[in-house]
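Structure below; questions to follow.
The values are calculated or read from the model by the stated rules, or taken from the named source; none is laboratory data. This is a predicted model, so every value here is computed, not measured. We place every Cβ from the backbone using ideal geometry, glycine too, and count neighbours over all the protein chains shown.
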């Protein structure tokens with residue numbers, strides 16, 4: 001079979017199993033990206049979630065010694081939530097970022113990649129493959145860019161003409177020499193909306209991101225959230241979509257044809273106080289299928305508490321008091337005290353002073369003081 005015929009069969013099959021976009025590139029090192037990655041680490045922009053060394057991230061043959069090509073796939077996801085519940089006084093709600101809507105995208109993409117691998121090997125049993133989704137060492141976005149699926153925008157996302165930035169990305173390294181596709185030559189031009197609108201100034205305007213300032217990263221950390229960013233998070237429980245929402249290339253795009261991406265409004269925009277005392281079992285049963293809970297319950301609960309402070313939700317104070325007094329985790333306990341101070345102001349002074357004599361954890365006591373400092 002000719003290589004071009006083999007490639008077309010793979011493309012046709014990919015579309016039949018729910019892969020929206022597919023591209024091919026060679027397996028040579030990503031030399032330009034390597035220089036950017038080195039600079040990225042030197043500037044202290046890394047999140048710490050990245051996998052592998054610079055060499056592993058830029059040299060595909062370290063992952064598959066016989067690699068000759070890489071297949072990049074993209075699956076679009078929805079960015080509109082039909083029948084979303086309203087956030088009202090007494091029933092304030094948080095929000096999961098769009099990339100976490102529906103089935104965990106790792107599962108969704110791996111299912112498609114496994115089928116694609118099986119199909120390729122049915123055509124040629126000797127082909128060696130290795131697939132990756134997000135947690136692999138290669139950069140999904142850089143592989144997609146070199147495979148012709150799109151270009152890297154100033155917001156750091158791969159921008160595809162049909163899917164915009166709202167797509168899940170994965171790749172498969174193969175030992176088969178598929179003919180490579182041409183890279184897409186495009187740019188954001190003079191548009192700087194994402195950089196200007198980023199709540200924390202995390203975007204550099206060069207396609208790089210300072211993860212240490214990025215709300216999406218901050219919502220996934222497990223410790224106390226730096227106070228300078230608490231007011232920026234709003235009601236976000238996981239992730240941040242601002243730089244995608246303002247992108248003109250996303251105008252009119254909403255990929256909602258995938259049957260395995262099921263939207264659950266009550267889960268994706270949950271009532272905040274209901275998250276604060278939920279058991280581990282109930283949390284896992286209700287939210288465990290979302291990509292946004294990969295770090296566990298604690299970051300979500302901490303963010304929910306910050307969101308209640310953002311809303312100045314007085315109706316939540318009694319729940320917050322129970323959490324502050326009974327939860328044994330310093331991050332949750334301390335953040336709850338902080339929120340009580342921010343919500344009640346001067347009215348919290350007597351309660352905080354009384355509890356200050358009881359609490360023993362230094363960080364918790366610091367949060368108690370931080371919460372009422374504007375009221376003093």
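Could you please find all residues in the stretch 169-192 being within 24 Å of the chain's Cα centre (by Cα) and within 18 Å of residue 25 (Cα to Cα)?
169, 170, 171, 172, 173 - these are the residues of the stretch 169-192 that are within 24 Å of the chain's Cα centre (by Cα) and within 18 Å of residue 25 (Cα to Cα).
Every residue, every condition in (1) in the same structural domain as residue 160 (by TED's automatic domain parsing); (2) within 30 Å of residue 74 (Cβ to Cβ); (3) without any contact (Cβ under 8 Å) to a residue 24 or more places away in the chain; (4) in contact with a strand residue (DSSP E or B) (Cβ under 9 Å, 6 or more places away or on another chain), yes or no:
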{"position": "262", "(1), (2), (3), (4)": "no, yes, no, no"}
{"position": "275", "(1), (2), (3), (4)": "no, no, no, yes"}
{"position": "297", "(1), (2), (3), (4)": "no, no, yes, no"}
{"position": "302", "(1), (2), (3), (4)": "no, no, no, no"}
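Would you be able to tell me the number of residues in the stretch 268-291 that are assigned to a loop (DSSP other than H, G, I, E, B) and closer than 21 Å to residue 84 by Cα?
6
Inside the stretch 347-368, can you point out the residues that are in contact with a helix residue (DSSP H, G or I) (Cβ under 8 Å, 6 or more places away or on another chain) and part of a helix (DSSP H, G or I)?
348, 349, 351, 352, 355, 356, 363, 364, 365, 366, 367, 368
While we're here: Give me the pairs: first residue in the stretch 313-338 and within 19 Å of residue 373 (Cβ to Cβ), second residue modelled with pLDDT under 95, beta-carbon distance under 6 Å, and six or more apart or on different chains, which are they?
Pairs that qualify, where the first residue is within 19 Å of residue 373 (Cβ to Cβ) and the partner is modelled with pLDDT under 95, are 337/371; 338/370; 338/371.
Identify all residues within the stretch 297-325 that are part of a loop (DSSP other than H, G, I, E, B) and out of contact with any helix residue (DSSP H, G or I) (no Cβ under 6 Å at 6 or more places or on another chain); write none if there are none.
Within the stretch 297-325, 311, 313 meet the criteria.
Return the residue satisfying two criteria in turn: it lies in the stretch 54-85 and is surrounded by fewer than 16 Cβ atoms within 10 Å (Cβ to Cβ) and in contact (Cβ under 8 Å) with a residue 40 or more places away in the chain, and of such residues it is nearest to residue 215 (Cα to Cα).
Going through the qualifying residues, I end up with 80.
Given the options 43, 15, name the one that is in the same structural domain as residue 123 (by TED's automatic domain parsing) and modelled with pLDDT of 95 or more.
On inspection, the qualifying residue turns out to be 15.
Also, I was wondering about something else. What is the number of the single condition among (1) farther than 12 Å from residue 21 by Cα; (2) part of a strand (DSSP E or B) that residue 134 does not meet?
(2)
Going by the conditions given, is residue 143 modelled with pLDDT under 95 and either crowded, with 17+ Cβ neighbours inside 10 Å or over 20 Å from the mean Cα position of the chain (by Cα) (or both)?
Against the criterion (modelled with pLDDT under 95 and either crowded, with 17+ Cβ neighbours inside 10 Å or over 20 Å from the mean Cα position of the chain (by Cα) (or both)), residue 143 does not qualify.
Out of 328, 357, 373, 363, which single residue is at pLDDT below 95 and out of contact with any strand residue (DSSP E or B) (no Cβ under 7 Å at 6 or more places or on another chain)?
Answer to the check: 373.
For residue 120, state whether it is buried (at least 21 other Cβ atoms within 10 Å of the Cβ), in contact with a strand residue (DSSP E or B) (Cβ under 6 Å, 6 or more places away or on another chain), closer than 30 Å to residue 9 by Cβ and modelled with pLDDT of 95 or more.
When the stated conditions are applied, residue 120 does not pass them.
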